[in-house]
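Worksheet for the structure shown next.
Just so you know, all these numbers are worked out from the coordinates, no wet-lab data involved. These numbers come from a predicted model, not from an experiment. Virtual Cβ from ideal backbone geometry, glycine too; neighbours counted across all protein chains shown.
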Amino acid sequence: MFGPLDKYAAPERFYLLCKSMGPWLSAISLLLFLVGLYGGLVYAPSDYQQGDSFRIIYVHVPSAWMSMFVYVVMAVSGAMGLIWKVKISDAIARSCAPLGAAFTFLALATGSIWGKPMWGTWWVWDARLTSELILLFLYFGYMALQAAIEDRRMAARAGAILALAGLINIPIIHYSVEWWSTLHQGPTVSKMDAPSIHTSMLIPLLIMFLAFKLYFFAVLCMRARCEIIEQEKNSRWVKQLARGGVDS
Amino acid sequence: MQRLSSLAVFSCLLKRELLLGLRHRSELLHPLLFFLIVVTMFPLALGPEPEQLRQIAVAVIWVAAVLASSLSLDMMFRSDFEDGSLEQILLSAQPANVLVMAKVLAHWLLSGAPLIVSALTLSYFLYLPQSATVPMLATLLLGTPIFSLIGSVATALTVGLRGGGMLLALLILPLYMPLLIFAVSAVNNAVQGLSIKAELYFLSALLVLALTLTPFATTASLRIRLS
């Protein structure tokens, strides 16, 4: 169904793939983090209006992007589990939720820290902040549902439906909240033809974005391995693995 | 055996649901009473000044309606799940979506419609301006079916779970937030003498979207929970 990727849909192959990819992803993301943070905190000039406090965007913006990206990954892999009954996609969807919630929380927390000196308050009921907060609630709802259903297979399928319902709702929530109130500054990076951010500030941001993304995949690999082991604990290869056999 | 048409089965199940609902009258009253009590608490907490109450009237009525309907959702599938008739409904030769829709419609008739009527009374208690009464009823008329439709998905996912009621509220309340925004902004526009067409169109669009998508999601969820 997925051509050459098909063979990795088997839990055992995917487990080994994650195991070999994990350290590489971690190492590259660590390297990118160092470069990006140096670029963001030292190399990039300070903003003429916001001074040095703008530098929090190097954490804030990537985590806000990731918060939405992770939800899409979660919903899409949930849908794959629902439609094609791919076993590993259950594990991936389930591993995504706490990560996505963490990114969402990080985006909210850094935004709030930035808001104190800039807007003079920790929290404003602004459109983007509010829709990010609702996204956090969606993640919590998913995690609560996962925790409430004991049967793992059933929990994964139920979670997939919930994630898909949320995915349809995210744009609706986003635009309705946008309509309701707006104080947050408009998008600066996505205007690719003429970004209203200087290149020397943009490049560290993009590096940080890559670092966040690779970090996500690295942690996803670790979490998915745990999930797969637990999910397949009755299969032969896991039992062998536990005895220290097949693993090479 | 003669094969029944979908419409016949739909109306048959709808009649059964309504009859069951009317036989358990006190259960029907619970969400309604909850709605009235929550709304009553606001004047007590804020003070009885009409001007202040007028400003928050729509918000209070809508938030209370959201909470009341999220509590009432629990009764949509629970008794059928417990006595096994839900399995029979899903196993029948009729399209399950149609049957699920009958249950959702019955739920709306038994919980959403009474809510609208009592909201009319409460709007007088909270001194909502006359000009805003009809818009408020219109938003509730469009909004409460969406509650039942979106709610049916989450209810199906949590049916039979321990502590399902609280979990259910946790799952659906974030999904209700766009409704709240459109409805309250429509009524506030009406108070200021502005057009409310845009909001009503949005609510209608959401209703149509929910009407087309949720029956499939609810049926799939029920099949998962009963598998």
- [ ] Any chance you could run the full-extension gain for residue B:212 through residue B:79? It's 0.36 nm times the residue separation minus the Cα-Cα distance, nm to one decimal.
- [x] 45.3 nm
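Listed highest first by mean packing, meaning other Cβ atoms within 10 Å per residue, what order do B:16-22, B:61-67, B:107-113, A:108-114 come in?
Values: B:16-22: 14.4, B:61-67: 22.7, B:107-113: 21.1, A:108-114: 18.1.
In descending order of packing, they fall as B:61-67, B:107-113, A:108-114, B:16-22.
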Open item on the list: Whole-Hz ³J(HN,Hα) for each residue in region B:21-27, computed from phi via Karplus 6.51 cos²θ - 1.76 cosθ + 1.60 with θ = phi - 60°, x for glycine and proline: what do you get?
Closed with: x, 6, 6, 10, 4, 5, 4
Open item on the list: Under the rule of at least 5 residues apart or a separate chain, name every residue whose amide H is placed under 5 Å from the amide H of residue A:123.
Closed with: none
Task: For region A:159-165, Karplus couplings with θ = phi - 60° (6.51, -1.76, 1.60), whole Hz, Gly/Pro x - done: x, 4, 5, 5, 5, 5, 4
Open item on the list: Can you show me the helix-derived [θ] at 222 nm for chain B, built from DSSP H runs with n ≥ 4 at -39,500 (n - 2.57) apiece and divided by the number of residues, rounded to the nearest 500.
Closed with: -28000 deg cm²/dmol
TODO: For region A:55-193, just the Cα atoms, rotate onto the principal axes and tell me the three extents in Å, largest first.
DONE: 48, 33, 28
TODO: Kindly express, to the nearest 10 degrees and within the range 0 to 90, the angle between helix A:199-231's C-alpha long axis and the longest C-alpha principal axis of chain A.
DONE: 20 degrees
Open item on the list: With equal scatterers on the alpha carbons only and no solvent term, can you work out the Debye log10 of I(q)/I(0) for chain A at 0.07, 0.13 1/Å?
Closed with: -0.28, -0.90
Open item on the list: From the phi angles alone, apply the Karplus equation (6.51, -1.76, 1.60; θ = phi - 60°) to region A:12-23 and give each ³J(HN,Hα) in whole Hz, x where the residue is Gly or Pro.
Closed with: 5, 4, 5, 4, 5, 4, 4, 5, 7, 6, x, x
Open item on the list: If Rh is defined by the Kirkwood formula over all Cα pairs and Rg also comes from Cα, what ratio Rg/Rh do you get for the protein assembly as shown?
Closed with: 1.02
Open item on the list: Let me test this: with uniform point scatterers at the alpha carbons of region B:2-226, what is the Debye-based log₁₀ I(q)/I(0) at q = 0.17 1/Å?
Closed with: -1.19
